[in-house]
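Asks: If you scroll down you'll find the structure; I have some questions about it.
Just so you know, all these numbers are worked out from the coordinates, no wet-lab data involved. Quick caveat: nothing in here was measured; it's all calculated off a predicted structure. All Cβ positions, even for glycine, are placed from backbone atoms using ideal geometry, and neighbour counts span all protein chains on display.
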Amino acid sequence: MSNAMNFAFMREEPAPPNGRRVAIIGAGPSGLAAAGYLGCLGYQVEVYDKLPKPGGLMLFGIPGHRIPADRIQRGVFTLSRKFGVNFHNKTKICCSAPLHEEEGDHFSCDIRGLGELVEEHDAVIICSGAWKSRKLGIPGEQLKGVYSGLEFLFPIRAVKYATSNVSVPPVEGRTVVVVGAGHSAMDVAHSAKALGAKRVVMVYRRTKKEAPAGSYEVDRLIDVGCEWLERRTPLRIVADETGQHVAALEMADGNTGETEVLPADVIVTSIGEIPTPPFQKELGLENVRKGEVRWLHMTSIENVFVAGDVLTGPSKIGKAVYSGLRAARSLTNWLDLKAQHRENEYNYDADVITRPGAPSEQR
Amino acid sequence: MSECHGRGKTLHIDYSKCIGCETCEAVCGFLYDTPRIAMARTGDGQMIPIYCQHCEHAHCMKVCNRGALMRDRDGAVVLQPMLCRGCETRNCVIACPYAAFFATDRGVAVRKCDLCAGRRAVGLGPACAEMCPCGAIRFADRDELDELETEASREARDRVLAHIRPKK
């Protein structure tokens, strides 16, 4: 067996071409899973991604010691060579916000409109993920030296694809404070340590037992020399004498009720992301989320489907994969029935109800 | 019942490589509606997949009064739903040392991994192993299991077993 994440796991060889073209926006776990499913069924699949390589946050967010990059790349290679999937990297599909607003936008050379894609293809699946970082909403967040989890992690991987406008956050010999206790906060702390930070302090508003990443992960960080401060609520980021750069984090200690000041050269707020769909309103994504649609995963624009974190908010690779596969299957059902003018025979309820024990669609 | 070749094949998860991303469970759930590999959260917050190890000396096969658990030609322990149907004892669920039988509330009483029997019949491997982003799941010959183990994998496996079978 090859050492690849085999997105085309449904078949050994692709089915004969069925003459249909599908565009997939986003080459993360949900987009690649959908591409694999459709490629197996004989669809001509075109995958668009803003980044220089397919893989999404499996490649650019999660550190390489957790997911081997070559395993993803081999899976992508199989998709493109054996299943005829075309990858259009560094291509951003019309965004809801101006370019250069999200992490990773600076890689895009080409911008194309969603309308164009809809016209050129039989169907489109939007799997663009959740890229905008949630903010703490406290004074001083705009200071230099304050990063979001993604802003901090993304360049570490992206810098390998050398472009002049990406640089690894300078942490060597410095004190890094990480706010949050999810998996990406753990990855930030490990990365900061690996990049030679003098001191890494984790700050979390609740206790170790409640950390989303689990106390085991927190203990591993403590093992490698990180410090753990719990029940601390960040209040304010203090500037240095120039007023430009971060100098400290002021926080409330939930144990004592007192305010304390933690000196910091770099602060990373790793408290989650929010979805960044193109054309949120036009697509009626709120209705798709609530399940108020006539076709599973289909948006209010006919032939346009949506899957993954862009729909559900940040989740896990497995949930994104599941969502991508379901959207791809729903899309094939839609096109098959539509070709025979039998759309009204579609049984939405049978499709949407996940049986007990099955991974839930949305949480 | 056909004899399997050699010592047969099985699934092997290296828990030291697993990041708890749930892809195995998701892919299994997509193919079979209800997944036969399931995520559990340990006391210290690690997400781990619980799975059938297709034991060479399988307790489940011994305790099933109906002979509904059989060894197939690749060495997988597979459930014959027509024989299982209607059994209320769930002896297999209780006997499994890896908690890899899952009770259901409809049709046959339990579900379990069959190493993707339908896929194997057409030359494909188990889907969870194909799609694992980390390469933590292997569809392996039982004879090569020893080679797959490392110090880290053994330590991680012990942690998982401590969760499945807590000390009293």
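Asks: 5 Å is the cut-off here: which amide hydrogens, built 1.01 Å from N in the peptide plane, fall below it relative to A:Ala15, excluding neighbours closer than 5 in sequence?
Replies: A:Leu41, A:Gly42
Asks: Over the stretch A:183-329, what lengths in whole Å, largest first, do the semi-axes of the equivalent ellipsoid take, defined as the square roots of 5 times the eigenvalues of the alpha-carbon gyration tensor?
Replies: Those come to 39, 18, 15 Å.
Asks: By how many degrees, 0 to 90 and rounded to 10, does the Cα axis of helix A:29-40 deviate from the longest principal axis of chain A?
Replies: Computed tilt is about 20 degrees.
Asks: Averaged across B:123-135, how many Cβ atoms of other chains sit within 10 Å of each residue's Cβ atom?
Replies: Neighbouring Cβ atoms belonging to other protein chains average 6 per residue here.
Asks: Could you put A:Met5, A:Met10 in order, starting from the residue whose Cβ has the fewest other Cβ atoms within 10 Å?
Replies: The order, fewest Cβ neighbours first, is A:Met10, A:Met5.
Asks: If R0 is 35 Å, what FRET efficiency do you get for A:Glu120 and A:Ser167 from their C-beta distance, rounded to 0.05?
Replies: The value I calculate is 0.40.
Asks: Would you please give the residues with an amide H less than 5 Å from that of A:Phe87, counting only those at least 5 places away or on a separate chain, with H modeled from the backbone geometry?
Replies: Here A:Val47 satisfy the definition.
Asks: Additional query: One-quarter of the Cα convex hull surface for the protein assembly as shown, in nm²?
Replies: 27.2 nm²
Asks: Check which residues have an amide H placed less than 5 Å from A:Tyr147's amide H, if you skip close sequence neighbours.
Replies: Amide H to amide H, under 5 Å and 5 or more residues apart or across chains, A:Tyr147 pairs with A:Ile267, A:Val268, A:Thr269.
Asks: Please compute the contact order of the stretch B:9-164 in relative form: average sequence separation of alpha-carbon pairs under 8 Å and at least six residues apart, divided by the residue count, as a percent.
Replies: Computed over the stretch B:9-164, the figure is 32 percent.
Asks: Further, regarding this structure: Mind listing the phi-derived Karplus ³J(HN,Hα) values for the stretch B:76-92, rounded to whole Hz, using 6.51, -1.76 and 1.60 with θ = phi - 60°, and x for any glycine or proline?
Replies: Values per residue, Gly and Pro as x: 6, 8, 10, 8, 9, x, 5, 7, 6, 3, x, 6, 9, 5, 6, 4, 4 Hz.
Asks: With chain A treated as a Gaussian network of Cα nodes joined by springs under 10 Å, which of A:Pro139, A:Pro14, A:Pro275 yields the largest mean-square fluctuation?
Replies: Among A:Pro139, A:Pro14, A:Pro275, the largest mean-square fluctuation in the Gaussian network model of chain A belongs to A:Pro139.
Asks: Please give the Cα centre distance for the stretch A:292-343 versus the stretch B:65-139, rounded to the nearest Å.
Replies: 29 Å
Asks: What list of ³J(HN,Hα) couplings, whole Hz, do you get for the stretch A:312-327 from phi and the Karplus terms 6.51, -1.76, 1.60, once you set θ to phi - 60° and write x for glycine and proline?
Replies: Going residue by residue, I get 9, x, x, 9, 9, 4, x, 5, 5, 4, 4, 5, x, 5, 5, 5 Hz, with x marking Gly and Pro.
Asks: Let me ask something else about it. Sticking with the crude label model, points 7 Å out along Cα→Cβ, report the distance from A:Glu227 to A:Arg134 in nm, one decimal please.
Replies: If labels sit at A:Glu227 and A:Arg134, their model points lie 2.6 nm apart.
Asks: How big is D, in µm² s⁻¹, for the stretch A:32-162 by Stokes-Einstein at 37 °C and 0.692 mPa s if Rh is the Kirkwood radius over C-alpha pairs?
Replies: 201 µm²/s
Asks: Which one of B:Gly43, B:Gly67, B:Gly125 has the biggest mean-square fluctuation once chain B is modelled by GNM with Cα springs under 10 Å?
Replies: Result for chain B, Cα springs under 10 Å: B:Gly43 fluctuates most.
Asks: Let me ask something else about it. Can you run phi through the Karplus equation (6.51, -1.76, 1.60; θ = phi - 60°) for the stretch A:220-225 and list ³J(HN,Hα) in whole Hz, with x for Gly and Pro?
Replies: Result, ordered by residue: 4, 5, 4, 4, 8, x Hz.
Asks: GNM on chain B, C-alpha springs below 10 Å: top fluctuator among B:Glu149, B:Glu88, B:Glu25?
Replies: B:Glu88
Asks: Within 10 Å of each Cβ in A:203-216, how many Cβ atoms from other chains are there, averaged over the peptide?
Replies: Across the residues of A:203-216, the mean count of other-chain Cβ atoms within 10 Å is 2.
Asks: What ratio of Cα Rg to 2.2 N^0.38 Å holds for the stretch B:9-164?
Replies: The value comes to 1.00.
Asks: Inside 10 Å of the C-beta atoms of B:27-34, what's the mean count of C-beta atoms belonging to other chains?
Replies: The shielding value for this peptide is 6.
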